[in-house]
1. Across the range 118-130, in residue order, what do the Karplus-derived ³J(HN,Hα) couplings come to in whole Hz, using 6.51 cos²θ - 1.76 cosθ + 1.60 with θ = phi - 60° and x for Gly and Pro?
2. Considering only DSSP states other than H, G, I, E and B, which trypsin sites (Lys or Arg not before Pro) in the range 52-110 qualify as loop sites with at most 10 other Cβ atoms within 10 Å?
3. Less than 14 Å Cβ to Cβ from Gly65, Lys/Arg counted +1 and Asp/Glu -1: what total charge do the surrounding residues give?
4. Once you have the Cα-Cα distance between Arg115 and Val80, take 0.36 nm times their residue separation minus that, and quote the gain in nm to one decimal.
5. When only Cα pairs under 8 Å and 6 or more residues apart are kept, what is the percent relative contact order across the range 26-139?
6. Step through the residues of the range 75-83 one at a time and calculate ³J(HN,Hα) from phi using the Karplus curve (6.51 cos²θ - 1.76 cosθ + 1.60, θ = phi - 60°), rounding each to whole Hz and writing x for Gly and Pro.
7. Whole-Hz Karplus ³J(HN,Hα) for the range 85-93, in order, using 6.51 cos²θ - 1.76 cosθ + 1.60 and θ = phi - 60°, x for Gly and Pro?
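Bear in mind these aren't lab numbers, they're just calculated from the coordinates by the rules spelled out. It should be emphasised that the depicted structure is a prediction, and the values quoted were computed from it without experimental measurement. With ideal geometry, Cβ positions are generated from the backbone for all residues, glycine too; neighbour counts draw on all protein chains shown.
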Amino acid sequence: MRMVLALSIAVAPALAAQGVTGTWNAMFDSDITMQKDTFVVKARRPAVFVLAQKGDSVTGTWGSGSLPTVPVRGTFDGRVLRLTTGQRESEIRVNGEARKMMIRTDWMGSLQGNRLSGTMFVNIGDREPPTRRWEADRK
């Protein structure tokens with residue numbers, strides 16, 4: 001029992017020191033609809049984060065299938081990861097019609113071993129975004 005506890009204590013700082021640098025295979029709530037007064041997740045989609053950490057600053061990219069890969073930036077304090085794409089113009093479909101709108105995606109999550117997980121918000125125009133779940137495993 002003592003050996004297992006000692007090993008856990010020794011490994012935990014090593015994982016935290018590794019930070020979030022690397023390639024992460026992610027899944028996120030992609031298709032959300034409103035049913036009555038509740039947001040319902042209709043589909044989840046795979047994505048990839050490629051992140052580089054220097055100190056507490058994090059930069060990288062986020063990409064998902066046919067969606068364009070976008071740059072991300074943020075911070076990681078050893079426990080909490082905060083990322084954003086910043087405001088960008090993007091073409092989206094509203095009721096089947098293509099429109100150019102301002103979009104910003106924000107993520108907040110935590111690192112546990114080789115897994116990141118948390119919430120994300122896709123801010124489109126001035127609409128209040130629903131909370132989406134995401135998780136990512138280090139490649």
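1. With coefficients 6.51, -1.76 and 1.60, one gets x, 10, 9, 10, 9, 8, 10, x, 9, 6, 6, x, x Hz.
2. Numbers: sites: Lys54, Arg73, Arg79, Arg82, Arg88, Arg93, Arg99, Lys100, Arg104; in loops: Arg79.
Here the sparse-neighbourhood loop sites are Arg79.
3. Working: positive: Arg44, Arg45; negative: Asp31.
Neighbourhood net charge equals +1.
4. Numbers: separation 35, 0.36 × 35 = 12.60 nm, distance 1.23 nm.
Working it through step by step, the gained length comes to 11.4 nm.
5. Details: 242 pairs, mean separation 20.9, N = 114.
Rounded, it is 18 percent for the range 26-139.
6. 9, 9, 9, x, 9, 10, 9, 10, 10
7. 8, x, 5, 8, 8, 8, 8, 10, 9
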